[in-house]
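Each remark here refers to the structure printed beneath this line.
The values are calculated or read from the model by the stated rules, or taken from the named source; none is laboratory data. It should be emphasised that the depicted structure is a prediction, and the values quoted were computed from it without experimental measurement. Cβ sites come from the backbone with ideal geometry, for glycine too, and all protein chains shown count toward neighbours.
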Amino acid sequence: MSQLSQKHLLGIKDITRKDIDLIFKTARSFKDVINRPIKKVPSLRDITIANIFFENSTRTRLSFELAEKRLSADVVNFSSSSSSVKKGETLLDTVNNILAMKVDMVVMRHSSPGAPHFLSRHIKANIVNAGDGTHEHPTQALLDTFSLHDKFGSLEGMKVAIIGDILHSRVAISNIFALQKLGAEVMVCGPNTLLPKHIAELGVKVELDVMRALKWCDVANVLRIQLERQQIKYFPTLREYSLYYGINKKMLESLDKEITIMHPGPINRGVELNSDVADSDHSIILEQVENGVAVRMAVLYLLAGVQDA
């Protein structure tokens, strides 16, 4: 079996173009599987996977759990809200207790950037980063780029605008790394207050005007405003944000080309995207959801083959 170059999936920054190509190739096989009447394969029948979520999640957690069950893995779900973490137990103690139950892989979401990297230096199990603070969210970037690869065949020379709350977004950073590794040009667009100071150093274009961004791009990946991560006000009101940065059908119809709309979810309808865009033929949002299961199946399957790398 072909293997990934890494034992863990901690971030897109750490993996190679060859790794991404292998994940895509494997995901295509699994996409065929999940569209069959019998949607399970015995690939990870002897593997136990713990989903350890220290932050709320619906889509990512369900997607990983479904991917694990489609691969016939044994699944353990852990939520910090109902655990000894509330009693003061450390992250390392929590995970070591779970590993003492003979868990082979850990899928972890944590509010602290670098938490999966810390764990990877202390435990033997494979680790998949399901989002660490505002740092990275590698499987989201993989499913986003896989969805584009599925639709267009190649990302070489493609212009992708990431629009919205870039400052608080782990999706944006992972997407920038993945898109660049696959040969795409990237622009970030949003209010000045929601753009990281040194974002241009990542080799992306920076734009403050959403219409200019839409005219430039082939694909717009629209992000939600992450109010739960904002300790201060970065703009006056959601209504004002929507007025300047919300995307509606009229804006898309004014372009002299057709662009593709993406969104990692959950959508704040009427804020960053109107329903007439989210539910339109421009959108591949539901394809992203379907592809997420196949991509996560591929990641888990391939990492299971790198037990002691």
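Overview of results
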{"quantity": "Any pair with Cβ under 9 angstrom, 6 or more apart, that starts in region 245-270 at a residue that is assigned by TED's automatic domain parsing to the domain that holds residue 169 and at positive phi and ends at one that is part of a helix (DSSP H, G or I) and of a type in the set (A, V, I, L, M, F, W, C)", "calculated": "265/285; 265/289; 270/238"}
{"quantity": "Conditions (1) in the same structural domain as residue 237 (by TED's automatic domain parsing); (2) surrounded by fewer than 23 Cβ atoms within 10 Å (Cβ to Cβ); (3) farther than 22 Å from residue 297 by Cα: number failed by residue 118", "calculated": "(1)"}
{"quantity": "Subset of region 205-256 [assigned to a helix (DSSP H, G or I) and at pLDDT below 85]", "calculated": "227, 228, 229, 238, 239"}
{"quantity": "From 173, 166, residue being outside any helix (DSSP H, G or I), closer than 27 Å to residue 269 by Cβ and either under 14 Å from the mean Cα position of the chain (by Cα) or hydroxyl-bearing (Ser, Thr, Tyr) (or both)", "calculated": "166"}
{"quantity": "From 161, 130, 141, residue being part of a strand (DSSP E or B), under 15 Å from the mean Cα position of the chain (by Cα) and either among the hydrophobic types (A, V, I, L, M, F, W, C) or in the same structural domain as residue 23 (by TED's automatic domain parsing) (or both)", "calculated": "130"}
{"quantity": "Residues of region 53-64 satisfying the condition of being of a type outside the set (Ser, Thr, Tyr), farther than 9 Å from residue 107 by Cβ and crowded, with 16+ Cβ neighbours inside 10 Å", "calculated": "54, 55"}
{"quantity": "In region 144-158, the residues that are hydrophobic (A, V, I, L, M, F, W, C) and not in a loop (DSSP other than H, G, I, E, B)", "calculated": "146, 148, 152"}
{"quantity": "Options 69, 31, 25; residue that is under 22 Å from residue 177 (Cβ atoms) and modelled with pLDDT of 95 or more", "calculated": "25"}
{"quantity": "For residue 86: the one exception among (1) over 19 Å from the mean Cα position of the chain (by Cα); (2) at pLDDT below 85; (3) surrounded by 14 or more Cβ atoms within 10 Å (Cβ to Cβ)", "calculated": "(3)"}
{"quantity": "Residues of region 182-194 satisfying the condition of being under 18 Å from residue 217 (Cα atoms) and either among the charged types (D, E, K, R) or not in a loop (DSSP other than H, G, I, E, B) (or both)", "calculated": "185, 186, 187, 188, 189"}
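Results for (1) touching a Ser or Thr at 6+ places or on another chain (Cβ under 9 Å); (2) of a type outside the set (D, E, K, R), shown as yes or no for each residue.
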residue	(1), (2)
141	yes, yes
161	no, yes
164	no, yes
169	yes, yes
186	no, yes
191	no, yes
207	no, no
211	yes, yes
220	yes, yes
